[in-house]
Amino acid sequence: MGNSKSGSLSKEILEELQLNTKYKEEELCAWYQSFLKECPSGRITKQEFESIYSKFFPDADPKAYAQHVFRSFDSNSDGTLDFKEYIIALHMTTAGKTNQKLEWAFSLYDIDGNGAISKNEVLEIVMAIFKMIHPADLKHIPEDENTPEKRAEKIWAFFGKKDDDKLTEKEFIEGTLANKEILRLIQYEPQKVKEKLKDKKP
């Protein structure tokens, strides 16, 4: 951590990131330089993270979702992300293995961090996801999941839970791995949505 403000990435962090992500040394070093330009302190605040995230979604409002993503990756809860937390966030949300993604998705949905997910927490994340869907794309969402409430209801029903039940991490991961519908409903991947829409067009 002592190297967070220097111009080069420490060997330990570099090796750890190469081991845990798909990124090459040159990519990581280049990203570190641009990270330091944006965040000279070597740390990124929630506001800075929101600003970076919003550039990926110029036609939507990703602020609420970005706040939840930030919370899920601020592993030491200090209100900032260092370069390592930032890169792991980037990797997990775009290229992580399914199990890794699901562990992360659980922490995203477990808003209060108590180790279990409630139906209200599912609804809160789904509402944040809906804010990122372009209005034109909303028309293509099936009738039984075209509002946050309907989608949260559908997810909860897939897990076979009553309204006031809780969902453990094990149940969440096993249930999602066993049912591709749940996987589709809990995540937001704009590119995949666009590809699906293209496929459906005559």
For region 65-146 the trypsin sites (Lys or Arg not before Pro) that pass both the DSSP coil test and the at-most-12 other-Cβ-within-10 Å test are K97, K139
What number, in percent, do you get for the relative contact order of the chain if the mean sequence gap of Cα pairs under 8 Å and at least 6 apart is divided by its residue count? 17 percent
Phi angles of region 73-90, converted by Karplus (6.51 cos²θ - 1.76 cosθ + 1.60, θ = phi - 60°) into ³J(HN,Hα) in whole Hz with x for Gly and Pro, give 9, 7, 4, 9, 6, 9, x, 9, 10, 8, 4, 5, 4, 5, 5, 5, 4, 4
Student exercise, the chain dipole from Lys, Arg, Asp, Glu Cβ charges, in Debye to nearest 20: 640 debye
Quick check: with the 1.4 Å probe, what order do S54, S10 take by accessible area, largest first? S54, S10
Using each residue's phi in region 140-146, evaluate 6.51 cos²θ - 1.76 cosθ + 1.60 at θ = phi - 60° and report the 3J(HN,Hα) Karplus result to the nearest Hz, with x for Gly and Pro. 8, 7, x, 3, 7, 8, 8
Kindly report the accessible area of the chain per residue (heavy atoms of protein chains, probe 1.4 Å, no ligands, DNA or RNA), in Å². 57 Å²
Between E16 and Q100, 0.36 nm times their residue separation minus their Cα-Cα distance comes to what? 28.7 nm
In debye, nearest 20: dipole of region 98-188 around its Cα centre with unit charges on the Cβ of K, R (+) and D, E (-)? 260 debye
Partners for K150 among aspartates and glutamates (Cα-Cα distance below 18 Å; same-chain residues under 8 apart left out): E121, E124, D137, D163, D164, D165, E181
Tell me, in nm to one decimal, what length is gained between M127 and K55 on full extension, where the rule is 0.36 nm per residue of separation less the Cα-Cα distance? 23.9 nm
Short to long, in 10 Å steps from zero, the percent of alpha-carbon pairs of region 24-159 per bin is 11, 36, 36, 14, 3
Taking only protein heavy atoms and a 1.4 Å probe, the highest-to-lowest accessible-area order of C29, C39 is C29, C39
Mind checking the angle between helix 148-158 and the chain's longest principal axis? C-alpha axes, 0 to 90 degrees, to the nearest 10. 80 degrees
Separation in nanometres of the label points that stand 7 Å from Cα toward Cβ, at K154 and N114: 2.8 nm
Rounded percent of accessible protein surface that carbon and sulfur make up, the chain, 1.4 Å probe: 53 percent
Need one value: the accessible area of L19 in square angstrom, 1.4 angstrom probe, rounded to the nearest 10. 150 Å²
If I model a spin label at E25 and E38 as a point 7 Å from the Cα along the Cα→Cβ vector, what separation in nanometres do I get? 2.5 nm
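The values are calculated or read from the model by the stated rules, or taken from the named source; none is laboratory data. This is a predicted model, so every value here is computed, not measured. Note: ideal-geometry Cβ built from the backbone for every residue, glycine included; neighbour counts use all protein chains shown. Just so you know, the surface numbers come from the protein's heavy atoms only, side chains and all, with ligands and any DNA or RNA stripped out. Shrake-Rupley method; radii C 1.70, N 1.55, O 1.52, S 1.80 Å.
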